[in-house]
1. Mind checking the angle between helix 49-69 and the chain's longest principal axis? C-alpha axes, 0 to 90 degrees, to the nearest 10.
2. Within 10 Å of each candidate Cβ there may be at most 10 other Cβ atoms; applying that plus a DSSP loop requirement, which chymotrypsin sites (Phe, Trp or Tyr not before Pro) in segment 1-98 survive?
3. Take peptides 82-88, 97-103 and line them up by average Cβ neighbours within 10 Å, highest first, as a rough protection proxy.
4. So what are the ³J(HN,Hα) numbers for segment 95-105, from phi and the Karplus equation (6.51, -1.76, 1.60; θ = phi - 60°), rounded to whole Hz, Gly and Pro as x?
5. For a test of understanding, tell me how many lysine pairs in the chain have Cα atoms under 30 Å apart, given they are 8 or more places apart or on different chains.
6. Return the sequence-ordered ³J(HN,Hα) values of segment 18-34 in whole Hz as given by the Karplus equation 6.51 cos²θ - 1.76 cosθ + 1.60 applied to θ = phi - 60°, using x for Gly and Pro.
7. So which residue, out of SER57, SER28, SER70, gets the largest mean-square fluctuation from a GNM of the chain using Cα contacts under 10 Å as springs?
8. With a ≥ b ≥ c the root eigenvalues of the C-alpha gyration tensor of the chain, is it rounded (a/c under 1.5), prolate (a/b larger than b/c) or oblate?
Amino acid sequence: MAKKKRFNYIRKKIAPGTWHNIATVLVSFILTISCIVTATVMKGQGPMVLGAIGLSSIVAAIYTIFNVVSAERKPDYNYLPATIAGATAGIIIFIWILLLLIGLFY
């Protein structure tokens, strides 16, 4: 009896460092949301720790973008999850820039 051939639907392996990028963008997102919620609950009079949380969120997002952009691209790997993490980090940076501009002009 002949063995059946298994068909693998996943053509390429996930790129190295992808899970690290996803984890850092999740940390950045959680810090962003916690900072926004805390500042809203305290009506804009939050403690100084909020600045540190916000800065940590920005640094984590920039770190993720740097990792995604500087990754060595090999055709054997799937870079889609890492690219999505980088795009999400870019959106987080954009949100922080908008919040900064709103805080400065209003």
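1. For 49-69 against the chain, the angle is about 30 degrees.
2. Values: sites: PHE7, TYR9, TRP19, PHE29, TYR63, PHE66, TYR77, TYR79, PHE94, TRP96; in loops: PHE7, TYR9, TYR79.
Passing both the DSSP loop test and the Cβ count: PHE7, TYR9.
3. Working: 82-88: 19.1, 97-103: 11.0.
In descending order of packing, they fall as 82-88, 97-103.
4. Result, ordered by residue: 4, 5, 5, 4, 5, 5, 5, 4, x, 6, 9 Hz.
5. On the way: LYS3/LYS12; LYS3/LYS13; LYS4/LYS12; LYS4/LYS13; LYS5/LYS13; LYS5/LYS74; LYS12/LYS74; LYS13/LYS74.
Here the count comes out as 8.
6. With the stated coefficients, segment 18-34 comes to 5, 5, 5, 5, 5, 5, 5, 6, 5, 4, 4, 5, 5, 5, 5, 5, 5 Hz.
7. Of SER57, SER28, SER70, the Gaussian network model singles out SER70 as fluctuating most.
8. Working: a/c = 3.82, a/b = 2.76, b/c = 1.39.
Because a/c hits 1.5 or more and a/b exceeds b/c, the chain counts as prolate.
Read the figures in this text as sums done on the coordinates, not as results from a lab. As the structure is a computational prediction, the values presented were derived from the model and not from experiment. Here the Cβ is made from the backbone with ideal geometry for all residues, glycine too, and neighbour counts use every protein chain on show.
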